[in-house]
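*Asks:* Quick one: this structure, given as C-alpha cells, is what I'll be asking you about.
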Amino acid sequence: MTSKYTLTKGSRLEVTKDASNTTVPEGATWLELGCLLTEVSYTGGAKSDIEVTTLCSTEKEQTNGLPDPGEITLSGNWVPNDDALNVLRDAYTNDTAHAFRLVLQDKRGYAFVGEVRQESFTVSTDAVLTGEFTIRMKGRLENYQEK
C-alpha cells in the first residue's frame, strides 16, 4: 500500500486586484501571493449552540445554530511594495472583499471570497521580515478546477 498525499510545492495562491463578491469573477486581474507565503491555514467556522431545553426535558438539549464563517490565515514574507500584499493591506483598511483561489500542482484547488480582518508583521533576528493576514471567509470554501 502507498501513502496518500497532495503535493503543495508549486501551488499558487492568488487574490483579485479589485474587490469582488464572487469566487471566480469574470475578467478579473489575479495577483500572485504564493511567492510570498510559506503557509496557508484554513479553519472552518464553528456552529453556535442554541439551548432548547424546556421544563419537560429530561436532559439538556441543544441544536446547531448558524455557522460562523471560516477563516484562512496567510503566513509568509512581508515585502512592503508587493502589489498582492498591498491589495491585502488596502482591503483591510477599506473593508473590501476580494476573491481568492488556491491552485495545487494537479490544477485542483479552492476558491473563496474573503475580507481581511487582521494583519501583523514580525521583525526578528533571522533578518527576514515576516507577516500574517487573517481572512474571514464570506460563504463557503468552494472546489476549484483550473482549465
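Residue by residue, here is whether (1) over 18 Å from G34 (Cβ atoms); (2) of a type in the set (D, E) holds:
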| residue | (1), (2) |
| --- | --- |
| R108 | no, no |
| A111 | no, no |
| V116 | no, no |
| S124 | yes, no |
| G131 | no, no |
| R136 | yes, no |
| L141 | no, no |
| E146 | no, yes |
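*Asks:* Scan segment 126-147 and report the pairs whose first residue is among the hydroxyl-bearing types (S, T, Y) and whose second residue is outside any strand (DSSP E or B), with Cβ atoms within less than 6 Å and a gap of 6+ or a chain change.
*Replies:* These pairs meet every condition: T130/W78.
*Asks:* For segment 108-147, give me each residue that is among the hydroxyl-bearing types (S, T, Y), open to solvent by 60 Å² or more (accessible area, probe 1.4 Å), assigned to a strand (DSSP E or B) and farther than 18 Å from H98 by Cβ.
*Replies:* T122
The values are calculated or read from the model by the stated rules, or taken from the named source; none is laboratory data. Not measured: the values here are computed from a predicted model. So basically every Cβ, Gly included, is an ideal-geometry build from the backbone, and we count neighbours across all protein chains shown. Quick note on the areas: whole protein, heavy atoms, side chains included, nothing else; ligands and nucleic acids left out. Shrake-Rupley method; radii C 1.70, N 1.55, O 1.52, S 1.80 Å.
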